[in-house]
């Protein structure tokens, strides 16, 4: 028993001594850690403590400062070095860059895409290794860094290893980041291999061409400025844009400080333009570089699931031997001219019942009787105006007059886009006509081009003699589309809240509206754009690039609910037609 007590006392003393030693060691360890923390807790380090966590593939300057100074490990770091790549043009890099940044010229291959072996050589020359954590940047608010990001992930660098400095060098300097003119020292060659190309991130011309013909399932985003989109600039011989593409210039994706807009704002922009997350989105530009901005913004910031970049872009489209079409207006199908109508409304198609349209002449009956386009039916504009508040009564008149809701209705006025043609166009849209357009030529121009002018009224109903071409009576039945076409008055703020963007009133009359007519204090912002300024002398719309210049100068925004108003609602409706022609997505007519 005595031995057992002695042994127990020994074990207790041993344990007590061990505990004291462990406690002492722990105290010293905590003290050393505290002294180490105080030594590194400089004002600069305290400022960097506000670094944001990476937002998707975006990092802020404070995060990068910490990573470069070793105050914090790169996200997911595995011991691999952090590499900063400067994608600015060479003169800008030479003038100012982040110390230690390695420069790469994204234009090194020119318009010719580099193959996997060439890209591997470029990456290795930058000192990249498997597992390297990479931050790319440019001057901020530009496409150089997004394009470099795209090249890296396209050629197999894991997305988890690549980040983009949000706001670029501009935001870096604003945050107090160090810059230098000193050349970066050469680096040892890296061992990164390009073993795969992620084909799901890019598209080629055949797929892109097919997508342009299917706007329901696909959205084509052009990253170029309005001068390109509307045809003022034609560097490749033909100006304009790929049919059905949406204008999304690079600057629209950035805030004033050159950072990318928030995910919510990007999704709101796309919703306004009609781009849905379930669509396949294709980004393109002139040569495949600016297209990297919409690609990066939607895929890596807004989390759209299906986004591809078309590296060939307009270069491939325009050098195709088939002479693929280019549009200058956003929706040119809204306009029909003599060349188009003489074929689709010609005797051959009419006699076989294959014509897909009805020509609706909205001039007064006496003008119609004096001469009209062949096979046109007369529904005077006065009827559209009289029954504007009675869509059912108007529909009851249209069917017996020969207007079939399932066909395209080509509206003919006195000449081009006048108030009567505009009002009829707008009303048919409201009633749910399958497709509506305006004949932008005059009857005189039709005759000058050698086309027949009919004198006898078009027969609506059964034929009165053998071989006679007639227009069938029908019951006008179409789903009404009033929503999205009418802006209820008054326009006071909050009277009809826009779901996405604020309302802007566009006064289309010859004179600006009186202050009392715009709703008074707190009402929607008002811009004045006289309808006549947007039309040529013959009533045809001015060229697309001229229209854009006029609308931009007047202050008409794309991201707004545009409510058009005039003393003559027909002028506002004609303005509705023109803004739709130009691709403005949310346009309404003020209708009491």
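The values are calculated or read from the model by the stated rules, or taken from the named source; none is laboratory data. These numbers come from a predicted model, not from an experiment. All Cβ positions, even for glycine, are placed from backbone atoms using ideal geometry, and neighbour counts span all protein chains on display.
Quick notes
- Selection status of residue 473, part of a loop (DSSP other than H, G, I, E, B) and at pLDDT 95 or above: yes
- Unmet criterion (only one of (1) surrounded by fewer than 16 Cβ atoms within 10 Å (Cβ to Cβ); (2) assigned by TED's automatic domain parsing to the domain that holds residue 360) for residue 456: (2)
- Reported count of residues in region 250-277, each being buried (at least 18 other Cβ atoms within 10 Å of the Cβ) and in contact with a helix residue (DSSP H, G or I) (Cβ under 6 Å, 6 or more places away or on another chain), is 5.
- Among the numbered conditions (1) at pLDDT below 95; (2) crowded, with 17+ Cβ neighbours inside 10 Å; (3) part of a loop (DSSP other than H, G, I, E, B), the only one that residue 517 does not meet is (3).
- Residue within region 385-398 that is buried (at least 17 other Cβ atoms within 10 Å of the Cβ) and either in contact with a strand residue (DSSP E or B) (Cβ under 7 Å, 6 or more places away or on another chain) or closer than 17 Å to residue 341 by Cβ (or both) present: no
- Breaking point among (1) under 23 Å from residue 509 (Cα atoms); (2) out of contact with any strand residue (DSSP E or B) (no Cβ under 6 Å at 6 or more places or on another chain); (3) in contact (Cβ under 8 Å) with a residue 24 or more places away in the chain; (4) not in a helix (DSSP H, G or I), for residue 437: (2)
- Residue 259 being under 25 Å from residue 140 (Cβ atoms), within 15 Å of the chain's Cα centre (by Cα) and at pLDDT 95 or above: no
- When residue 401 is tested against (1) surrounded by fewer than 21 Cβ atoms within 10 Å (Cβ to Cβ); (2) within 21 Å of residue 578 (Cβ to Cβ), only condition (2) is not met.
- Among the residues making up region 359-379, those that are surrounded by fewer than 17 Cβ atoms within 10 Å (Cβ to Cβ) and farther than 14 Å from residue 421 by Cβ are 365, 366, 369, 370, 371.
- Residues being more than 15 Å from residue 407 (Cβ to Cβ) and under 40 Å from the mean Cα position of the chain (by Cα) - total across region 345-360: 1
- Screening residue 412 against (1) buried (at least 21 other Cβ atoms within 10 Å of the Cβ); (2) in contact with a strand residue (DSSP E or B) (Cβ under 8 Å, 6 or more places away or on another chain); (3) within 16 Å of residue 581 (Cβ to Cβ) leaves a single unmet condition, (3).
- Test: residue in region 568-586 that is closer than 10 Å to residue 508 by Cβ and outside any helix (DSSP H, G or I): yes
- Odd one out for residue 208 among (1) closer than 29 Å to residue 269 by Cα; (2) outside the structural domain of residue 291 (by TED's automatic domain parsing): (2)
- Here the condition is being modelled with pLDDT of 95 or more and within 17 Å of residue 415 (Cα to Cα); of 544, 560, 574, it holds for 574 alone.
- Qualifying residue in region 72-80 (condition: closer than 22 Å to residue 301 by Cα and either buried (at least 22 other Cβ atoms within 10 Å of the Cβ) or modelled with pLDDT of 85 or more (or both)): yes
- Conditions (1) buried (at least 20 other Cβ atoms within 10 Å of the Cβ); (2) more than 38 Å from the chain's Cα centre (by Cα); (3) under 25 Å from residue 579 (Cα atoms); number of the one not met by residue 382: (1)
- Test: residue in region 536-549 that is surrounded by fewer than 20 Cβ atoms within 10 Å (Cβ to Cβ), closer than 16 Å to residue 416 by Cα, free of Cβ contacts under 8 Å to residues at least 24 places away in the same chain and touching a helix residue (DSSP H, G or I) at 6+ places or on another chain (Cβ under 9 Å): yes
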